[in-house]
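Structure record follows, encoded as structure tokens.
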Amino acid sequence: MTSLAPAWALDADVEGITGRPADNIVLYLDGLDAAQYSQSRLESVVRRRSREALRVYGYYEPQLQLGFSGDPVERVTVMVEPGPQVLIQTLNFEVRGEARRDQPFVDAVDDFPLSEGDPLEHAPYDRLRNRLSGLSLERGYFDSRFLDRRLEVRPWEQSARLYLTLDSGPRYRFGEPRFYGSHIDEDRLRRMLPFEPGDPYLAGDLARYNQRLGQSNWFSSISVRPRVGGDASLALDAPAGPGWWQQADLEGEGAPPAPPADTPVEGPIISAQSLAAVRALTPQPLDVPIDVNLVPADRHQFEVGIGYATDVGPRMRLGWNQPWINRLGHSLNHDLFLSGPEQRFTGEYAIPLEDPLRDSYRLQYGFRHRDSDDTRSLEASVELARRWEFDNGWVQSAYLRSTFEDFTQGVDDGQTFLLYPGISWSRTRTRNPRFPSWGDRQRVAFEYSNPAWGSDIEFFRTTADSQWIRMVGQDNRFIGRLGLGSIETSEFEQLPPSLRFFTGGDRSVRGYAFDTLAPRDEDGALLGGQQLLTASLEYQRRVTGDWWGATFVDTGDAFDDWGPDQLNTGVGLGVRWISPVGPIRFDVAHPLDDDDSDWRIHFAIGPEF
């Protein structure tokens, strides 16, 4: 017996049949208000809806008995004698036109789940019909139409015949894109196209282009639409222009807001049949011009962030971003970070190249002041980098960096100027960035300094780290991390603290204070290390809703001569809450290698990476 219904609707019990047919009867009766009908009318409505619900599963001649209870009526019991089930006698599906060799159409027909002799179900037939219509729009068969679309049922024979014949007609191709309202040089926008004029039309390519334009951060509104039939009346109207505060910098007109980047772009027509009717009025060329309507992003954008972490205490971040400063798409960003032990100001000027999203020059500069425990440092740096992003997601950066640092680190102090090249490779992948259910991040970098080109000291520095997140089911989450570092130099005492290795704290070895694991001098003051090794493994379990429990073990150290016996290990328990502003992490950790230390609290806001 099946009984499913909300409290405010007519409750329904079904007897004599189970499974999906019974559930469908309950669904068809859901929301039926018995108070709106007379007794005879209510019985008629219940019978009609129950028969319709059973017909979907091939039961065309059921016998129904109804029992009502309550005054007024609150519940109905539908006793079903389903009778014979209609079987499929004939399946005749065919795709004609150019789509007959298009693999998604072939797969759609081949994947039909029913065969001749199977009990009839309406839903798979409806899904196939809708799928073929959708593919026609998605893949540019704008003249497609169904020559035959019949579902014939003969209840007296308990047989059904299913016919579906689609004539796709020719496949249309991409025409020339037309840009409206853009303040960026058109050539740069064309370089971001995932298709060439003349390529077969694919709606997914329009969505991909919409997404790429969004990733550039140059626009506040993006609309990428096919101009079906070349008729301006079928395209979107040109929207209002930009605000007066940007008029001096822009040309052209703006556009209305675009749909989300992951929404399939189907053009301004709602069905393939309507589109075919419009196009049949007059002969049309087999190309589809693309209208790209754009509205510039605000030229000046400001961000303010306030947070707290155990490592640094209260902290504040102020950001001033200029996503575009000229028609070439150059950008300029500045960031000010303030906390008790550290204050820094950084800037980046980016110059996009041939592929604006993947290739660029970056000029970075900044100042940093640090006063923490045994470290006193004032640093100024400038870096020029060439950045490439490859198809596999890896990012390569070759850079030349100059740094001047006035520092005191334990017993070491001095002023050091460094000019050194470096190269790095990195990749970050995540799903659901707010609280990743899957992801990983890798980075490896090499840097070399030599007095031959003006540096005060010679060194070779290598760093590498890997982090990963994996889910098992819906309630189990694992996080792992491994970090390595090495410095080869004979002048370590002149190496500034920004390049030495320290560890310990919220994001490395919990149970220890921030950056307190490193070699020390005779007086116990931190010096920093030439080698680094850290590792962590954490298991999280959902407790309820957005609340998770965690248990973890961290280990690692910074040292001059590495040895496994020098590693420091901390273990602990934690709580995670996925708040509207991001995950909030609260941990209590205990160091296993320091008997004098008590439990230590770690608190941070934000995702793992």
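Considering each of F501, F460 in turn, give the residue that is closer than 25 Å to E447 by Cβ, more than 25 Å from the chain's Cα centre (by Cα), at pLDDT 95 or above and surrounded by fewer than 21 Cβ atoms within 10 Å (Cβ to Cβ).
F460
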Condition first: open to solvent by less than 60 Å² (accessible area, probe 1.4 Å) and not in a strand (DSSP E or B). Now tell me which residues in region 149-163 satisfy that. P155
Pairs returned, first residue in region 339-360 that is in contact (Cβ under 8 Å) with a residue 40 or more places away in the chain, second residue that is basic (K, R) and open to solvent by 50 Å² or more (accessible area, probe 1.4 Å), beta-carbon separation under 8 angstrom, 6 or more apart or interchain, are E354/R191; D355/R191; P356/R191; L357/R212
Which listed residue is closer than 26 Å to V228 by Cβ, among the aromatic types (F, W, Y) and open to solvent by 10 Å² or more (accessible area, probe 1.4 Å), from F174, F146, F142, F195: F146
Cβ pairs under 6 Å, 6+ apart, first in region 474-499 and under 25 Å from G574 (Cα atoms), second at pLDDT 95 or above and of a type in the set (G, A, S): R481/S536; L482/S466; L482/A535
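Assess whether L419 counts as being in a strand (DSSP E or B), modelled with pLDDT of 95 or more and touching a helix residue (DSSP H, G or I) at 6+ places or on another chain (Cβ under 8 Å). It would help to see each step written out before you state the result.
On the way: in a strand (DSSP E or B): yes; modelled with pLDDT of 95 or more: yes; touching a helix residue (DSSP H, G or I) at 6+ places or on another chain (Cβ under 8 Å): yes.
Considered against the rule, which asks whether it is in a strand (DSSP E or B), modelled with pLDDT of 95 or more and touching a helix residue (DSSP H, G or I) at 6+ places or on another chain (Cβ under 8 Å), L419 comes out as yes.
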Residues that are over 25 Å from the mean Cα position of the chain (by Cα) and under 22 Å from I184 (Cβ atoms), drawn from region 333-346: H334
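Considering only region 511-533, state which residues are of a type outside the set (G, A, S) and within 19 Å of P341 (Cα to Cα).
Residues of region 511-533 that are of a type outside the set (G, A, S), as a first pass: 512, 514-517, 519-523, 526-527, 530-533.
Correct list: Y512, F514, D515, T516, L517, L526, L527.
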Quick one: in region 386-443, of everything that is surrounded by fewer than 17 Cβ atoms within 10 Å (Cβ to Cβ), in contact (Cβ under 8 Å) with a residue 40 or more places away in the chain and more than 24 Å from L357 (Cβ to Cβ), which residue is nearest to the chain's Cα centre (by Cα)? S437
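Looking at F552, is it in contact with a Lys or Arg (Cβ under 9 Å, 6 or more places away or on another chain), open to solvent by 50 Å² or more (accessible area, probe 1.4 Å) and among the aromatic types (F, W, Y)?
Criteria not met by F552.
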Cβ pairs under 7 Å, 6+ apart, first in region 173-194 and under 19 Å from S360 (Cβ atoms) and of a type in the set (V, I, T), second part of a strand (DSSP E or B) and open to solvent by 70 Å² or more (accessible area, probe 1.4 Å): none
Considering only region 347-377, state which residues are in contact with a Lys or Arg (Cβ under 8 Å, 6 or more places away or on another chain) and polar (S, T, N, Q). S360, S377
Tally time: how many residues in region 52-91 are among the hydroxyl-bearing types (S, T, Y) and exposed (fewer than 14 other Cβ atoms within 10 Å of the Cβ)? 2
Residue list for region 123-139, restricted to those being within 17 Å of N92 (Cβ to Cβ) and open to solvent by less than 40 Å² (accessible area, probe 1.4 Å): P124, Y125, L128, L132
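The values are calculated or read from the model by the stated rules, or taken from the named source; none is laboratory data. The model shown is predicted, which means the values in this text are computed figures rather than measured ones. Note: ideal-geometry Cβ built from the backbone for every residue, glycine included; neighbour counts use all protein chains shown. Only protein heavy atoms, including side chains, enter the accessible area calculation; ligands, DNA and RNA are left aside. Shrake-Rupley method; radii C 1.70, N 1.55, O 1.52, S 1.80 Å.
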